[in-house]
1. Collect the residues in the range 8-42 that are part of a loop (DSSP other than H, G, I, E, B) and of a type in the set (A, V, I, L, M), keeping them in residue-number order.
2. Of all residues being hydrophobic (A, V, I, L, M, F, W, C), within 14 Å of the ligand (Cβ to nearest atom) and touching a Ser or Thr at 6+ places or on another chain (Cβ under 9 Å) in the range 106-136, which is farthest from residue 21 (Cα to Cα)? Just the residue, please.
3. Here are the criteria: (1) within 16 Å of the ligand (Cβ to nearest atom); (2) part of a helix (DSSP H, G or I); (3) under 15 Å from the mean Cα position of the chain (by Cα); (4) of a type in the set (Phe, Trp, Tyr). Tell me which single one residue 66 does not satisfy.
4. Scan the range 7-14 and tell me whether some residue there is free of Cβ contacts under 8 Å to residues at least 12 places away in the same chain and surrounded by fewer than 17 Cβ atoms within 10 Å (Cβ to Cβ).
5. Which one of these does residue 29 not meet: (1) surrounded by 13 or more Cβ atoms within 10 Å (Cβ to Cβ); (2) within 16 Å of the ligand (Cβ to nearest atom); (3) not charged (D, E, K, R)?
Amino acid sequence: MDFIDVITKRRSIRKYKPDMVSDEDIEYILECARLAPSWANSQCWKFIVVKDQKVKENLASAGNSWIANAPVIIVACADPSKPGTKGDQPYYMLDIGIAMEHLILAAADRGLGTCWIGAFDESVAKKALGVPDNIRVVASTPLGYPDESPAQRPRKALKDIMSIDKY
Ligand SMILES: Cc1cc2nc3c(=O)[nH]c(=O)nc-3n(C[C@H](O)[C@H](O)[C@H](O)COP(=O)(O)O)c2cc1C
C-alpha cells in the first residue's frame, strides 16, 4: 500500500475475528517499531506479545476489557531512566508514542487492526505481566483481523491546525 493509503485506511478497531496473526506478521510490525527514532537513540522500549488467553484477561482487567477478545495484545513498556527530559516533559512517553505509531501503521499495512490503549490501571497491567517496578507500562494495542469496518472518524480541517510564521 502507498504510505498515504496506510494512514487513510487505519482505524481504531474494537472487534476482532478469532483468527490468529502469523508470527511473520508479528515480527514485521515489531521490526517496524524497532526502527523508530528515539531520544539520543536510547530505545527505551520493550514490547510484550500476549497470546495466552488467561494473561490477556488479566491484562484486560486493567481497563478496556474488550481487548481480551483480540487474538493478540501488544504491550509497550518503557525504561524511563533511558531517555532525557525537557523541563517537566519525560521523553520516554514520546519515544513510545513514535514506536507505537510505527507498529500500528505497519499492522494496517498488513490488513491488521489495532487500537491504541492508553486508559488502564498501570499497577494491574504490571502485575498481569510481571513488569519490574522501575519499568512503566505506557500503552498497549489489541492486534488481529478486523471484524468491523468503522467509517473514518472526523478530523479538524488543515486550515484549523496550521498557521504560517506565527501561532
Ligand atoms: C494516546 C491514545 C490513547 C488512546 N486510548 C484509548 C483507550 O484507552 N481506549 C480506546 O478504546 N481507544 C483509545 N484510543 C483510540 C482513540 O479513541 C482513537 O484513535 C480516536 O477516537 C480516533 O479514531 P481512529 O483511531 O479510528 O481514527 C487512544 C488513542 C490514542 C492516540
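Bear in mind these aren't lab numbers, they're just calculated from the coordinates by the rules spelled out. What you see is a predicted model; the values in this text were computed from it and never measured. All Cβ positions, even for glycine, are placed from backbone atoms using ideal geometry, and neighbour counts span all protein chains on display.
1. 13, 20, 21, 35, 36
2. 124
3. (3)
4. For the range 7-14, residues free of Cβ contacts under 8 Å to residues at least 12 places away in the same chain and surrounded by fewer than 17 Cβ atoms within 10 Å (Cβ to Cβ): absent.
5. Condition not satisfied by residue 29: (2).
For (1) of a type in the set (A, V, I, L, M); (2) assigned to a loop (DSSP other than H, G, I, E, B), each residue gets a yes or a no:
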site	(1), (2)
124	yes, no
127	no, no
132	no, yes
140	no, no
150	no, yes
153	no, yes
160	no, no
163	no, yes
167	no, yes
